Each structure stands twice: as C-alpha cells, then as structure tokens.
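Below is one structure, written out as structure tokens; the observations come after it.
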C-alpha cells in the first residue's frame, strides 16, 4: 500500500498505475450548506469567514462554495461576512500572499465568474495595496462572488464555478427548499469530495443531505465548519482510494495495513477417530 499527499492529477494517475493499492490525501473543492433553520447569525458568519479566509484560504478544507437557504438570504449574513472580510489586514497577516495563483490569475477568475448571467461581486475582487509581495504570488482582498444556483448547474458554467482556488476566494449562492435536489446534484458532480459542512439542527434536513453525499469528512449541526478539524480527519470520497485518513489509530491501520484472515486449528485429533461417511 502507498500513501500519497498531493494534487488531484497525480492522485488520479497513481490510482490507475498502482491498481488501487494506494491511499490518497487529496485537496478538494469544499462546500457548506446553511439549512432552513436560522440560528446564531453572528456565530455562523464568523465560522464562514474563518473557513473561507483564515490562512488566506490556503487549507485543504477551506470553504469554497457556500449554499444559503433562502431563509438565510433574508438575514444580514452577507453584510456580516463583508464586514468580517474587510477587517482582515496584511499588517497582522489575517490576509496574506497566495502561493499557487498570481494576482492576475485570481482577478481573471473573478472576471470570468462575473460574466455568468445573474452573478455579482459581493466583496473583494481587488488587489492588496501597499505591499512588497513578488508578482509570482497572489495578493488579493478576501473575495466572494454570487452565482445563481440555476447557472451553477449548467454544464457550460459548472467547471468554472467549481474550480478550486487555493486562496481567499469563495462562491456564494442561495436556494429554496424545493431546489435542494439541484444542490445535491451539484455536490454529486464534484471531482473531489473532501470536507463538507451542513449547518443545521434539523434532523430531517441533515439526514437528507448527509445520506446523499459522499464526503470523507462532514461536519453537521449548528456549529458545523469545514476547517479546524479534530484529530480524526478523513479525505474523500468515502470508500475510495482517495479517502485516506489521518491522525488516529484507525486511520493509520487502514492506510498502512490490511485485513488478513488466519484460522488456527491445532487439534488434537482423537485417537479413536475414523473416517466418517461422505457428506
């Protein structure tokens, strides 16, 4: 068995070359769903900000796509997210350089998303100012782009919207209760299924979403987040070579060993044993 941590492209090649005898820790385009029950608006906004922008979004489980139920759309959540994002400063490193994308490529991605009908810039979308970060790296303000749900699901837009940006960037959309099947369809089509969060205390809603998704690690409940993982963290999709686990004896055993059956039967055989009839 081989353990590998790295890019999706290399991971896919190794899975084929090693005929599945590999456990992979892969990055992913991570999602969060805010359910129909609205609680603790300030707390939820703070967790969303941390998940999307802490470490400048350069975490394998950073929040990439936020689905808001229409009940959340009626609150001040977006304005709270904007306020929290705007307090991040280079001076205290609550926002910083992006190692894998240039500023130009980040702004180009933003521009491409804004060409989708109905999309709009919620906040950010500008370069950081007054810095000495080399041009080979990225330096942008925490950014969020709204894209309508009905546009995300279209084939011509899907790959663009779900492109993983390893930086302070997220897509936000909203949905109605009747549109939950569309949300689940979007989740199913994703390339990687690492970390997810379902922010709801509604057991039936949790059951519906968790039962129809395959992420290796899913946080569920009012305090659900995508980052700040406990010691036990599993990649995904679950049950796949790309679903390696880290941090616990169970995960280590799965990655570094396998099940092998040994049945001992030492006897003895009775001295008066005779060959029995055939059965």
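Each reported figure results from applying straightforward, stated rules to the coordinates on display, with no laboratory input. All figures in this text were calculated on a predicted structure; none of them were measured in a lab. Because the Cβ atoms are built from the backbone with ideal geometry, glycine has one as well, and the counts that use them run over all protein chains shown.
Pick out which of 58, 179, 40 has the largest mean-square fluctuation in a Gaussian network model of the chain, springs linking Cα atoms closer than 10 Å.
In the Gaussian network model the winner is 40.
May I ask you to derive the FRET efficiency for residue 112 and residue 270 from their Cβ-Cβ distance with R0 = 51 Å, giving the value to the nearest 0.05?
Result of the calculation: an efficiency of 0.05.
Run the numbers for residue 74 and residue 2: contour at 0.36 nm per residue of separation, minus the present Cα-Cα distance, in nm.
21.1 nm
Report Rg(Cα)/(2.2 N^0.38 Å) for the stretch 138-279, keeping two decimals.
Working it through for the stretch 138-279, the quotient is 1.67.
With springs connecting C-alpha atoms under 10 Å apart, model the chain as a Gaussian network and identify which of 91, 15, 45 has the largest mean-square fluctuation.
91
To one decimal place, what orientation-averaged projected area in nm² is obtained for the convex hull of the Cα set of the stretch 153-197?
In nm², the orientation-averaged hull projection of the stretch 153-197 is 3.7.
Averaging over all projection directions, find the projected area of the Cα convex hull of the stretch 28-234 and quote it in nm² with one decimal place.
10.9 nm²
What ranking do 137, 146, 264 get, fewest neighbouring Cβ atoms within 10 angstrom at the top?
264, 137, 146
Using the alpha-carbon atoms, what tilt in degrees (0 to 90, nearest 10) does helix 41-53 show relative to the longest principal axis of the chain?
Between helix and principal axis, roughly 80 degrees.
Angle between the Cα long axis of helix 8-17 and the longest principal axis of the chain, 0 to 90 degrees, nearest 10?
Rounded to the nearest ten degrees, it is 20.
What list do you get for 60, 258 if you sort them by fewest beta carbons within 10 Å?
Least crowded to most crowded, the residues run 258, 60.
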